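A short write-up of the structure that comes next.
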Amino acid sequence: MKAWLQEVHPEGKAKQFEGERGTFFLELRGEVTDDAEHLRRGDLFAISADSDAEPGDLVVWWTGSAASLALARVGSDLRLSAVAGFPPPSVRRGGVRVRSLGQASIRGVVVGRLRRLRPAS
Amino acid sequence: MKGASFRAVLHVDLDAFFVAVERVLDPRLCGRPVVVGASPSRRGVVAAASYEARAFGIHSAMPMAQALRLCPNLVRVSGTHGAYGRASRAVFDVLGNYTPVIEKVSVDEAYLDLTGTEHLFGRAVDAADRMRREVRERLRLDLTIGASRNRLVSKVASAFAKPMGLFDVQPGQEARFLAPLPVKALPGIGPVTTRRLHDLNIPRLGVLADTEGWFLEEIFGNYSKPMQRRARGEDDTPVSPPWERHEAKTIGHEETFAADTDDHAFLRAKLRAQLESTTRRLREKGLLARKLTVKLRYADFVTESRDATLPVATDHDIELLQPALELLHRMATRRTLVRLLGVRLGGLVQGYWQGGLFDPRARRSRRLVSVLDRVRAKYGVQAVRAGETVWLAQAENRRHGSFLG
């Protein structure tokens, strides 16, 4: 099954991040492609629900189908590139530009990534 | 493009370090609620608690008797001499393979600057990931790591990641990361400032970052600007490895006694113990002292100090003992109880003691000191003590319930 994102509520101090300013966590699940981002299944992303993205930002965007979110990296030309096996944004007239996608499609900016080791057996 | 040529700073913290080391020594402790500390009969306190014990509300500095009441199945272990130091050195040896720029904060905490190591280890976050896997595989200890462009944000991030986590704050997102957090999450904002900020309806760092500067300046004065910069995640404090740190001009040790005293034997023993610990620090740093100061404070807060300049720079407590005792004798003339005693060594120069190369007694004495240092490094500071200070240590252990038991 392809990569997908699911909202989670981590324990501990990380909980402080969730709250009134529209901040939340998403967990990366499914089949994750190992690319230059080196993301892994189980990674938690701290998201600021902000549609104002800049070049270099990792963002979550709405694919347009049901409740489906995907990760993408904003390039220097403001185009979104697919990461970790998520579907690439649909390309129109030489590629989709972040601002031309409209604010509705970008659901948040990744501010951090939490990766936990499993307890040693 | 963000993140291309910025600093890469890690804050590394060993999870429940003392407990983790005890579990390496005795794997039967794994998975059980464990604390390290002295027994309740000796008025011991919790020095470290496992995550299983913390689930019962047990935390560091809690009286052991209270911890045992909260969790009747709690396993208590006394500290193991030397084991923590050895484990810490082994961990830092691994970290040192990734960067020489390490600032050790304590036995279980450090900052690492990985800037410029990308061509060797890839991105800092990937190096951090390898680091903690390597430490686990080789030493069976877990690291928690915060990664970002500066030490302030990395420190906050590592608190997020506990236990066994790696939290990587994306470059350029420092302010967004901090914004939803309570103001007390920022290092440097203590309970008093937190209360004042709450009174001003500033509960979160994002609100603090956006508040008008003039308003904060009215309340907090010069402290307001750095506080606001830090709330935005801005920090350019360097990671300072030992060779870049400003060397102390003096090294000393002073102590306020639990009860005021006029017992001269006690004062002499204290002075000797203070000289032992201070000269050991000198030797660790490869320094010699030319100046000795002894300080005395009486119960009525009258404070006196006397200096002596030594004929030859030394790092040897036995050579300092006689002049220190003479200074003490000259000062302790009032018929008033003493509340504080301290020694300070100044006139520091780099070097190792060479006194009396051709004097067999001095050579023997030098060998003795170096053997004592090695024994103490291996088995702990209290493993070998001057006879005069043994009863002192025992008396203090009884009084304070030393965690080492």
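Among B:Leu267, B:Leu337, B:Leu143, the largest mean-square fluctuation in a Gaussian network model of chain B, built with springs joining Cα atoms closer than 10 Å, belongs to B:Leu337.
Between B:Gln170, B:Ala128, B:Val107, the Cα set farthest toward the positive side of the dipole of the stretch B:85-200 (charges on each charged residue's Cβ, about the Cα centre) is that of B:Val107. Using only Cα atoms, tell me the angle between helix B:360-379 and the longest principal axis of chain B; keep it within 0 to 90° and round to the nearest 10. Once rounded, one gets 40 degrees. Which shape class applies to the stretch A:1-59: rounded if a/c is under 1.5, otherwise prolate when a/b exceeds b/c and oblate if not, where a ≥ b ≥ c are the square roots of the Cα gyration tensor eigenvalues? Oblate, since a/c reaches 1.5 and b/c is not below a/b. With the simple model of a label 7 Å out from the Cα in the direction of the Cβ, B:His329 to B:Asp93 spans 4.8 nm. For the stretch B:317-322, 3J(HN,Hα) computed residue by residue from phi via the Karplus equation (6.51, -1.76, 1.60; θ = phi - 60°) reads 5, 5, 5, 8, 4, 4 Hz, glycine and proline entered as x. Dipole magnitude for the protein assembly as shown: about 1280 debye, using +1 per Lys or Arg Cβ and -1 per Asp or Glu Cβ, origin at the Cα centre.
Rounded to the nearest 0.05, what FRET efficiency do B:Gln66 and B:Val192 give with R0 = 22 Å and r taken as the Cβ-Cβ distance? Could you check? According to the calculation, E is roughly 0.25. Relative contact order, whole percent, for the stretch B:1-159 stands at 33, derived from Cα pairs under 8 Å and 6 or more residues apart. The HN-Hα couplings worked out from phi for the stretch B:156-162 by the Karplus form 6.51 cos²θ - 1.76 cosθ + 1.60 (θ = phi - 60°) are 5, 5, 5, 4, 5, 8, 5 Hz, whole numbers, x standing for Gly and Pro. Cβ crowding within 10 Å, taken as a proxy for footprinting-reagent exposure, orders A:Trp4, B:Trp214, A:Trp62 from fewest neighbours to most as B:Trp214, A:Trp62, A:Trp4.
What FRET efficiency comes out for B:Lys285 versus A:Thr63 if R0 is 60 angstrom and r is the Cβ-Cβ distance? Round to the nearest 0.05.
On the way: r = 60 Å, r/R0 = 1.00.
Computed FRET efficiency for B:Lys285 and A:Thr63: 0.50.
Gain on full extension, evaluated as 0.36 nm per residue between B:Glu212 and B:Val24 minus their Cα-Cα distance, stands at 62.5 nm.
Counted over all Cα-Cα pairs of chain B, pairs farther apart than 28 Å make up 62 percent. Our analysis of the protein assembly as shown gives Rg over Rh at 1.05, with the two radii drawn from alpha carbon positions and Rh computed by the Kirkwood formula.
With the simple spin-label model, which puts each label point 7 Å out from Cα in the Cβ direction, the B:Thr261 to B:Asp307 separation comes to 2.8 nm.
Placing a label point 7 Å from the Cα of B:Ser277 along the Cα-to-Cβ direction, the residues of the stretch B:88-131 whose backbone N falls under 17 Å from that point are B:107.
State, as an integer percentage, the relative contact order of chain B based on alpha-carbon contacts under 8 Å between residues 6 or more apart.
The normalised contact order for chain B reaches 17 percent.
What does a probe at B:His59 reach in the stretch B:169-201, counting residues whose amide N is under 11 Å from the point 7 Å along Cα→Cβ? Those under the cut-off are none; the list is empty.
When B:Glu276, B:Glu284, B:Glu254 are arranged by Cβ crowding within 10 Å, least crowded first, meaning fewest neighbours, the order is B:Glu284, B:Glu254, B:Glu276. Per-residue Karplus couplings for the stretch B:204-209, computed as 6.51 cos²θ - 1.76 cosθ + 1.60 with θ equal to phi - 60°, are listed in order as 10, 5, x, 5, 4, 5 Hz, Gly and Pro entered as x.
Ordering B:Tyr223, B:Tyr298, B:Tyr51 by the number of other Cβ atoms within 10 Å of each residue's own Cβ, fewest first, gives B:Tyr223, B:Tyr51, B:Tyr298.
Every number in this text was worked out from the coordinates using simple rules, so none of it is lab data. Since the model is a prediction, treat every value here as computed from it, not as a measurement. All Cβ positions, even for glycine, are placed from backbone atoms using ideal geometry, and neighbour counts span all protein chains on display.
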